[in-house]
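See below for the structure under consideration.
Any read-out appearing in this document is the output of simple, stated calculations on the displayed coordinates, not a laboratory observation. Since the structure is predicted, the reported quantities are computational estimates derived from the model, not experimental observations. Note: ideal-geometry Cβ built from the backbone for every residue, glycine included; neighbour counts use all protein chains shown.
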């Protein structure tokens, strides 16, 4: 039912003049899903408080609650369309009353980590793009069918939402930056192996895929959790930062659907933070991230970093190292050209990484791993606090071309996860001693010494000689055939 509902919503939005791509469909269904979820959450909390004979103060005033304006119900439990606005009246209400009211929460909130602040932040950045009030009414009716009550319902909704994010990655308009293949994230998390009680941060959070998968991993590894451990997972484990408005909203919705009620996601430009101001309380045990490729930052932002460069990913990597605790662990996706570029910033950054961290593993990913990205990538695994002695490489080769209909799956990464535990040598994996690296360039290129060497190309003289031999052989066969006639 949920899958058909999502399809129906997309079909309606496809007809609306204000929505032109998968990015718009996901954005518009996200803010409506959020309000529906918020209403269900508040109803649950009010019921819980009533059972305990306590009072509950609603976050949203009654006239602005989903159950009042979007889906007022009749005695039969269905939407009362005599009370529910539609057409131009609905558009006017949403644009002129509802969204301004929700935006005002940002000023009223006591701190950025409250649900009130996040409500204000979301609606300060996201607007209703649906132009037809009749289309909006249809979408609302479909979203009201979705239920968040049971864990199985939330689980199915989270999978469908992930599918929407993946479709955004195929939609152009830089949609790919929102989606890192989930099998790749799951393998990365298995190697980093987070534990309950450790803090996990993605300072380039995108759609929060890393944080959602880390949450699933920790739950799977700890099936018999205490109430205190569940509180730790809910409130003080996962942290993220995101610069772009749409990604910020999607990250919050994605985490909510995965079961994290009030995500610690900040809407901010991570790179604008001054590294000199980072204190111990600002550091994290684990960094999981896929920073944007090829972006450019302004000169004043570059001033915050010891190694100045316009390459966004290189600035992020410096930030990651700085905000990791001593002994902290990182798993970071980056362009493979980072391993060998000869410009001053690349060389200095490789030197910094090797000297300040134990870069113990590099996984070389095949072309097409990231749909639409047009670049090859590697994943760096490192621990902060001790220099690199040995680097173990793994060349990921699924044995087929990657593409939209042939993306990575979990089986493709099983070999990597198994071999990585012992840093074992194989036809796809090898190790190098850091002491053997060129001390001028610190080139870390992934050149597999275990790949069978190709036969050397023949010289032009040898090729001509082979052609002459084949001609002579052909002439001899022709001569025999003529003799038979």
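Values for this structure:
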read-out	value
Binned Cα-Cα distance frequencies in region 325-379 - 10 Å width, integer %	21, 48, 27, 4
Three-way shape label, region 210-286, alpha-carbon gyration tensor, a/c 1.5	oblate
The chain: angle of helix 182-192 to the longest principal axis, Cα-based, in degrees nearest 10	80 degrees
Rounded FRET efficiency, nearest 0.05, which uses the C-beta distance separating residue 75 from residue 451 and R0 of 56 Å	0.20
Residue-span extension gain [residue 82 to residue 467] - 0.36 nm each, minus C-alpha spacing	129.8 nm
Residue order, fewest to most surrounding Cβ atoms within 10 angstrom, among 246, 353	246, 353
At R0 = 30 Å, FRET efficiency that the Cβ-Cβ distance of residue 47 and residue 229 yields, to 0.05	0.75
Prolate/oblate/rounded label for region 171-436 (Cα gyration tensor, a/c 1.5)	rounded
Residue exposure sequence - 441, 199, 342 - by fewest surrounding Cβ within 10 Å	342, 441, 199
Sequence-separation-based contact order of the chain, relative, with Cα cut under 8 Å and 6+ spacing, percent	11 percent
Relative contact order for region 171-436, counting Cα pairs under 8 Å that sit 6 or more residues apart, in percent	17 percent
With Cα atoms, 0 to 90° folded angle of helix 344-356 axis to the chain main axis	80 degrees
Cα→Cβ-extended label distance, 7 Å offset, between residue 476 and residue 431, nm	5.4 nm
Neighbour-count order for 110, 405, 418, fewest beta carbons within 10 angstrom listed first	405, 110, 418
Theoretical ellipticity at 222 nm over the chain - DSSP helices of four or more residues, -39500 (n - 2.57) apiece, nearest 500	-13500 deg cm²/dmol
Stretchable slack from residue 111 to residue 280, in nm (0.36 nm times residue separation minus alpha-carbon distance)	58.8 nm
FRET E, pair residue 56, residue 125, Förster distance 35 Å, beta-carbon r, rounded to 0.05	0.75
Cα gyration tensor, the chain - rounded (a/c under 1.5), prolate or oblate	prolate
Value of relative contact order over region 28-103, rounded to a whole percent, pairs C-alpha under 8 Å and six or more apart	18 percent
Euclidean distance of C-alpha centroids, region 260-335 and region 364-415, integer Å	21 Å
Tilt relative to the chain, helix 115-125 - C-alpha long axis, 0 to 90 degrees, to 10	70 degrees
